[in-house]
Amino acid sequence: MPLIVAILVLAHGYYKAHERLIIDHFKQSLLLAVSVGERELNYFIDTRDREFKQISAAMSRCDRVEESASERALWALRYTSGFSAMILSDTQGRTTHVELSSNSSNRFVLRQEVEGERLLSADSLAELRYRYDEWYRYLPQLKASEQQKLSELNAMASRGEVNSHRFRMAQQQLFDMKEVLNSPYPVISLSEADNAKKLGLPFSGSTLLFSKPILGCNAELLGYYTAYLDKTQLEDLLFITKQNLHSNGFAEIDVTLIDNGTGQLLIPVRWIAEEQMKVGVMQEFYLPALSMKYGGMVASRLIERSQQITPVSHLHLDDDHRIDEALWPKPKPGVQLVVFISKKELKDLCDWLLVKVLLWSLLLVVISFGLILYLSNHIASPIVALRKQTALLAAGEYQESDFKARTDEIGELFQTFEEMAISIKSKERQLTALATQDFLTGVMNRRAFFSTAFEEHQRAIREGGTDITILMVDLDHFKQVNDQFGHKVGDQALVKLCRSIEMLLRVEDKLGRIGGEEFALLLIDSNEAQAIDIAERIRSSVEAMAFDEIGLPELQITISIGVSQWLHDESFETALSRADEKLYMAKQAGRNRVES
Amino acid sequence: MSLFLKLFAVLLCLPLLLSCSSDKPPIRVGVVLPLSGAFQIYGEQGLKGAQLAVEKINAEGGVLGGYPLELVVRDNETIPAEAVRYSRELIQIENVFALLGPVSSSARYAMSEVAAQHKVPQLYGIDYEGEHYNRYLICYSTIPEHYVSPIIPYLNDNYGGSFYIFGYDYIWPHKMSDRILSEVEKVGGVVSGIEFTPFAVKDYTPVFQRIEASGARNLLLILPGNDGFNFLTQMSKFSFGRPLTTFAFAADESYLKAVPSEALDGVYTALHFISSWQSPAFQRFVALYQERFGEQVSVTYSSKSHYDLIYLLKAAIEKAGSLDREQAASALQGLKLYSGQETVALREDHHFDLPMFLGQFNQKSLNVIKPLGTIRPSDQRVGH
C-alpha cells in the first residue's frame with residue numbers, strides 16, 4: 001500500500017508538471033502567433049495607408065484637366081498593390097465607375113454591372129460629406145496659414161536661419177498643411193458584406209474601404225472615390241499565422257479579425273464560439289488565456305494602425321490657427337486580431353497524458369510487486385528458513401533442510417550452513433557416544449545404563465506398570481582368562497560376550513557394562529519367568545562360544561546371571577542390588593548358571 | 001514468472017486499445033461545383049457521383065484504417081471568381097485535404113491557382129481543352145485528342161466532309177475549335193463556319209440561318225448545359241433543307257430528360273462513360289448509383305468521373321500511407337481503376353488514358369454506336 005501511494009503521488013506530480021508544460025506550450029505558441037500577426041498586420045495596414053496617400057495624390061492632380069476622374073482612377077490604382085478595386089460615386093453616393101486593379105487575385109474576376117448602385121453605407125457617405133463641408137469651410141483659413149508659414153520660412157531663410165529647431169518645426173508644419181490642404185482626411189470604413197459579391201471580387205464578407213471626396217480644381221465637390229482593400233492579401237496573411245500553428249501540431253485553430261466597433265468577424269471562423277463573439281465588444285486577451293466563453297485558449301491584439309489610419313495629426317500652429325475640433329478625426333475602434341485554439345486540443349492532449357501516466361503508474365506498480373515477489377521468493381524466504389534451521393540447530397532439534405541448490409551467494413550460505421550443521425551433529429554424536437558408550441564393548445557405560453534404567457522405569461510407570469527385569473551378568477574366572485591368555489584376549493572375550501548377548505536381546509532391551517567383567521541387562525516388558533528363559537539362552541550361548549577366529553579354540557568362557565524383577569515402587573539401585581545378590585548366589589552355586 | 005509476463009503483455013496492449021477506440025477525424029474534401037447556373041447539370045451529377053463514392057467508402061471502413069471521408073460543398077454558380085473565393089475559404093478556413101471541381105475551364109484555371117499556391121490536390125472531372133498541368137491538378141477529363149481525333153474521320157466518312165463549329169465564347173470551345181480545324185484538314189474536309197456565342201442567348205435563329213447558309217453537313221456543337229438544351233430544342237424546329245448531322249460535345253444522359261426526343265434523336269456524342277454500355281464495371285456503377293439516387297435518375301460520365309476521382313484519392317492516401325498532402329499528391333501517379341477495356345489510368349502528366357465510346361441519342365436512349373477503344377493523348381505538359 002505505501003508503495004502504491006508513493007507511485008500515485010509521483011504520478012500526480014508528473015501529470016501536473018506536464019499539464020503545466022502543455023498549457024505553457026499552448027500559450028507560448030499563441031503569444032508568438034498573435035505577436036507576429038500583430039506586427040504583420042500593422043505593417044500591412046500602414047502600407048495600405050501609404051498607398052492610399054499615393055492614390056489621393058494621383059486623384060487630386062489638377063494639372064491634367066483633360067483627364068477624367070475614371071482615367072485618374074485607372075492611373076491611381078496602377079501604383080498600388082493592396083487594393084482590389086476603386087469605385088467612383090457621385091455626391092449622392094451612386095456608383096458611376098468601377099476600376100479593377102491588376103492584382104493577381106483579380107485575374108478571374110468578371111466585371112459586374114453596378115452603375116447607379118449605392119455601395120457606400122449611409123454613415124460613410126454622411127461622414128465624407130461632413131468632412132468635406134468642414135474642410136471647405138476652413139480652406140481659406142488653411143491657405144492663409146500656409147502663406148503665413150511660407151512667409152515665416154522665407155524670413156528665416158533670408159537671414160540664414162536654416163538650421164534651427166524653429167526652422168525645422170515650421171517646415172514640418174508646412175508639410176502637414178500640404179496634406180490637409182489637398183483634401184479632407186480620408187474616411188476609413190467597413191464595406192457592406194455583399195459589396196464584394198456585387199463587384200465580383202474574389203473574397204467574401206466586408207473589407208476596409210478608404211474613401212475621399214473627388215475635388216475639382218476649385219475645391220468643389222464632384223463625388224467620392226473609394227478604394228477596396230484586397231482582402232485576399234489579408235486572408236493570406238492570417239492563413240500563414242494559422243499554418244505556423246498547424247506546423248506546431250495544432251489542428252482546431254481560428255485566426256480572425258474582429259471589428260471592435262460592431263463585433264463583426266471579418267474572417268470566417270470554424271471553431272470559436274461565434275455567437276459569443278457577437279455579444280458585446282470582445283475584450284483584449286493581450287496574454288493568452290483559457291476562455292470558457294469562447295471555448296478555448298485565446299490571444300488577441302488590437303491592431304493599432306487600424307485605429308490610427310485616419311490621421312490624428314492636426315494643425316496646431318498657435319491658438320489663432322487651431323483647426324476646429326470637427327476636423328479632428330473621430331477615434332476609430334479599429335480591428336482586433338484574434339488567435340484561437342479550441343479547448344478540445346488541450347483536453348485531448350491532457351487526456352492522453354493522463355492515460356499515459358496511469359498506464360506507466362500501473363506498470364510501475366506491477367513491476368514493483370513483481371520485484372517484491374521475486375525478492376521474497378529468492379532472498380527473504382530462504383533467509384527466514386535459514387534462521388529457522390539455525391534456531392533448531394541451536395535447540396538441538398536439527399532436521400535436514402529442503403533448500404534448493406543454487407549457485408549464488410545465498411546458495412553458498414545454505415551450503416556452508418548444511419556442512420556446518422552436519423559437522424556439528426557428527427561431533428555431537430561422537431561426544432554423546434563418548435559420554436554414553438563403553439569404549440571397549442560399545443554397549444552403554446554405567447552412567448548411561450543407570451540413566452536409561454531410570455527413564456525406562458518412568459516410562460513403565462506412565463504406561464501403567466510394564467514389567468522390567470534386571471539381569472546381572474558376570475564373566476566366570478575372568479582373571480584367569482586374562483592371566484592365561486592375556487588382557488587383549490580378555491578384552492576380545494568381553495566384546496564377543498556383548499555381541500552374543502545383543503543377538504539374543506530385543507530392540508527394547510538394554511545392555512550396559514557396569515564393571516570390568518560385569519554387565520547388566522534391562523528386559524523391558526518381561527516378567528521374571530521370561531527373563532530367566534532369556535538368561536538361560538544367553539548363558540548357553542556364551543558357554544557354546546568358540547574363539548577359533550582368534551586362534552584359541554581351547555578358550556572357553558562362561559557367565560553367571562542373577563535375575564531380579566524390578567518392582568515398580570523401588571529404586572533401580574535396590575533392584576540392581578537384588579539382582580547382584582542373585583548373581584552372587586549363582587557364583588556360590590558353582591558358576592555358569594542362572595539364579596533368580 | 002509466465003503469469004507476470006502475460007500481465008505485462010496485456011498492459012502494453014492497453015494504449016493500443018485506447019487509441020483504437022478513439023474516433024478518427026474525417027478527411028475533408030472541398031467540393032466546388034456549379035449547382036446553379038449554366039453548367040448546373042454537370043455539377044449536380046458530379047456531386048452525386050462523389051457522394052456515392054464517399055458513402056460507399058465510409059460504409060466499407062473509410063480510408064487508411066478508419067478515417068471517414070467528408071464532402072464540404074460549395075456552389076460556385078459557374079462563376080470563376082466564386083470558385084476562387086470558395087477554394088480559398090475551403091483551404092484556409094475549412095482546412096480541406098483536397099479540392100474537387102469545378103466544371104468550366106475559366107473556373108478551373110482560377111481554382112487551380114489557389115490550389116497550387118496552397119499545395120492542395122485538386123481533382124477535376126470534366127471535359128476541357130487540355131494542356132493544363134501542375135503538380136496538384138488531376139484532370140479526369142476528355143480532352144480534344146480523346147474525341148475530336150476519332151470522330152472527325154467518322155463523320156467525314158459517313159456524312160461528308162463539311163463542318164460548322166458553334167460553341168461558347170471561352171477557352172474550351174476556342175481550343176476545341178482549333179483542334180477540329182486541324183483534324184478536318186487531315187481528312188481533307190472543310191470547316192465552312194466557326195461561331196462563338198455568349199451564355200444565355202434566348203433565340204438561336206440567326207445562328208441556324210448562318211448554318212443553313214454555310215452548306216455544312218456536320219454541326220459540331222460545343223455548347224453543353226442549359227444553353228445546349230435550348231439550342232437543340234430550337235434547332236429541331238428549324239428547317240435546314242438538307243440533312244444535318246449534329247455532334248454535341250459533352251452531351252450525356254441528362255439531355256434525355258432536358259431535350260425532347262424529336263430534337264435529340266440522331267445527335268451524336270462521344271464520352272468515356274455511357275450508362276447503357278453493357279460492361280460489368282459500367283453496369284455495376286449504374287446499379288449502385290440508381291440504388292442510391294433512384295432508378296429514374298440519369299447516370300452520366302460526370303457522375304462516374306467524380307466517383308472515380310474520390311476512389312483515386314482514397315487509393316493515393318493509402319498508397320502514401322499517411323495524411324500528408326504532398327505524399328498523397330506524389331502517390332496519385334500511376335494509379336489505375338477497373339480493368340480490361342474499362343481501365344482508367346492516371347499518367348505522369350496527371351491526365352488519363354480513357355476508353356471512349358461513340359454514342360447516339362435515339363428513341364429516348366443514348367446508345368453506344370462504336371467503342372473507340374482506349375485513347376492515349378499526347379503528354380499534356382507543355383514542352384514535353
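The values are calculated or read from the model by the stated rules, or taken from the named source; none is laboratory data. Quick caveat: nothing in here was measured; it's all calculated off a predicted structure. No Cβ is skipped: glycine too gets one built from the backbone with ideal geometry, and neighbour counts run over all protein chains shown. Note: areas computed on protein heavy atoms with side chains; ligands, DNA, RNA excluded. Shrake-Rupley method; radii C 1.70, N 1.55, O 1.52, S 1.80 Å.
Miscellaneous remarks
- Residue match in segment B:58-68 (condition: within 13 Å of chain A (Cβ to nearest Cβ) and open to solvent by 40 Å² or more (accessible area, probe 1.4 Å)): no
- Among the conditions (1) more than 19 Å from the chain's Cα centre (by Cα); (2) open to solvent by less than 30 Å² (accessible area, probe 1.4 Å), the only one that B:Asp349 does not satisfy is (1).
- Pick from segment A:1-30, criterion of a type in the set (Lys, Arg) and open to solvent by 80 Å² or more (accessible area, probe 1.4 Å), ranking: farthest from A:Lys356 (Cα to Cα): A:Arg20
- Taking every residue in segment A:372-397 that is more than 17 Å from A:Ala421 (Cα to Cα) and pairing it with any residue that is in a helix (DSSP H, G or I), at least 6 positions away or on another chain, the pairs with Cβ-Cβ distances below 7 Å are A:Ile379/A:Ile410.
- Considering the conditions (1) away from every other protein chain (no Cβ under 14 Å); (2) at pLDDT 85 or above; (3) in a loop (DSSP other than H, G, I, E, B), A:Leu290 is excluded by exactly one of them, (3).
- Test result for B:Thr142, under 19 Å from B:Gly43 (Cα atoms), among the polar types (S, T, N, Q) and away from chain A (no Cβ under 14 Å): yes
- Residue match in segment A:179-199 (condition: open to solvent by 10 Å² or more (accessible area, probe 1.4 Å), within 11 Å of chain B (Cβ to nearest Cβ) and either at pLDDT 90 or above or touching a Pro at 6+ places or on another chain (Cβ under 8 Å) (or both)): no
- Comparison of B:Val267, B:Val286 shows that the only residue that is farther than 15 Å from B:Phe231 by Cα, touching a residue at least 12 places away in the same chain (Cβ under 8 Å) and open to solvent by less than 30 Å² (accessible area, probe 1.4 Å) is B:Val286.
- Odd one out for B:Lys186 among (1) over 23 Å from B:Gly266 (Cβ atoms); (2) touching a residue at least 40 places away in the same chain (Cβ under 8 Å): (2)
- Filter pass, B:Ala115 being within 14 Å of chain A (Cβ to nearest Cβ), within 27 Å of A:Val269 (Cα to Cα), buried (at least 24 other Cβ atoms within 10 Å of the Cβ) and in contact with a Pro (Cβ under 6 Å, 6 or more places away or on another chain): no
- Taking the listed residues A:Ala395, A:Ala405, the one that is open to solvent by less than 70 Å² (accessible area, probe 1.4 Å) and among the small types (Gly, Ala, Ser) is A:Ala395, with no other qualifying.
- Scanning segment B:69-106 for residues that are within 14 Å of another protein chain (Cβ to nearest Cβ), open to solvent by 40 Å² or more (accessible area, probe 1.4 Å) and among the aliphatic types (A, V, I, L, M) returns a single hit, B:Ile79.
Yes/no per residue for (1) part of a helix (DSSP H, G or I); (2) at negative phi; (3) small (Gly, Ala, Ser):
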residue: B:Leu232; (1), (2), (3): yes, yes, no
residue: B:Gly241; (1), (2), (3): no, no, yes
residue: B:Lys257; (1), (2), (3): yes, yes, no
residue: B:Gln278; (1), (2), (3): no, yes, no
residue: B:Tyr289; (1), (2), (3): yes, yes, no
residue: B:Gln333; (1), (2), (3): no, yes, no
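- In segment A:230-249, the residues that are open to solvent by less than 10 Å² (accessible area, probe 1.4 Å) and of a type in the set (Asp, Glu): A:Asp230
- Flag for A:Val473 being β-branched (Val, Ile, Thr), more than 23 Å from A:Ile532 (Cβ to Cβ) and not in a loop (DSSP other than H, G, I, E, B): no
- When each of A:Phe210, A:Phe203 is tested for being open to solvent by less than 10 Å² (accessible area, probe 1.4 Å) and in a loop (DSSP other than H, G, I, E, B), the lone residue that passes is A:Phe203.
- All positions within segment A:109-124 that are hydrophobic (A, V, I, L, M, F, W, C) and either modelled with pLDDT under 90 or in contact with a Pro (Cβ under 6 Å, 6 or more places away or on another chain) (or both): A:Val109, A:Leu110, A:Val114, A:Ala122
- Meets criteria (on the phi < 0 side of the Ramachandran plot, more than 14 Å from chain B (Cβ to nearest Cβ) and crowded, with 18+ Cβ neighbours inside 10 Å) for A:Ala227: yes
- Selection count, segment B:216-229, where residues are open to solvent by 30 Å² or more (accessible area, probe 1.4 Å) and modelled with pLDDT under 95: 1
- Summed over segment A:408-425, the residues that are over 48 Å from the mean Cα position of the chain (by Cα) and open to solvent by 40 Å² or more (accessible area, probe 1.4 Å) give a count of 5.
- Only residues that are among the small types (Gly, Ala, Ser), out of contact with any Asp or Glu (no Cβ under 7 Å at 6 or more places or on another chain) and crowded, with 17+ Cβ neighbours inside 10 Å were counted across segment A:164-178, and they come to 0.
- Any hit, segment B:317-339, residues being crowded, with 16+ Cβ neighbours inside 10 Å, more than 23 Å from B:Gly225 (Cβ to Cβ), touching a Leu at 6+ places or on another chain (Cβ under 6 Å) and at pLDDT 95 or above: yes
- Some residue of segment B:368-380 being exposed (fewer than 14 other Cβ atoms within 10 Å of the Cβ), in contact with a strand residue (DSSP E or B) (Cβ under 9 Å, 6 or more places away or on another chain) and outside any loop (DSSP other than H, G, I, E, B): yes
- Top-ranked residue in segment A:336-364 [being in contact (Cβ under 8 Å) with a residue 24 or more places away in the chain and within 10 Å of chain B (Cβ to nearest Cβ); ranked as most open to solvent (accessible area, probe 1.4 Å)]: A:Trp360
- Scanning segment B:291-319 for residues that are outside any helix (DSSP H, G or I) and in contact with a strand residue (DSSP E or B) (Cβ under 9 Å, 6 or more places away or on another chain) yields a single hit, B:Thr300.
- Residue under evaluation A:Arg301, criteria (1) away from every other protein chain (no Cβ under 14 Å); (2) modelled with pLDDT of 90 or more; (3) not in a strand (DSSP E or B), criterion not met: (3)
- Matching residues, segment B:358-368, being modelled with pLDDT of 95 or more and not polar (S, T, N, Q): B:Leu358, B:Gly359, B:Phe361, B:Leu366, B:Val368
- With respect to (1) open to solvent by 50 Å² or more (accessible area, probe 1.4 Å); (2) facing another protein chain (nearest Cβ under 9 Å), the lone exception for A:Trp271 is condition (2).
- On inspection, A:Thr232 qualifies as within 12 Å of another protein chain (Cβ to nearest Cβ) and under 30 Å from A:Leu74 (Cβ atoms).
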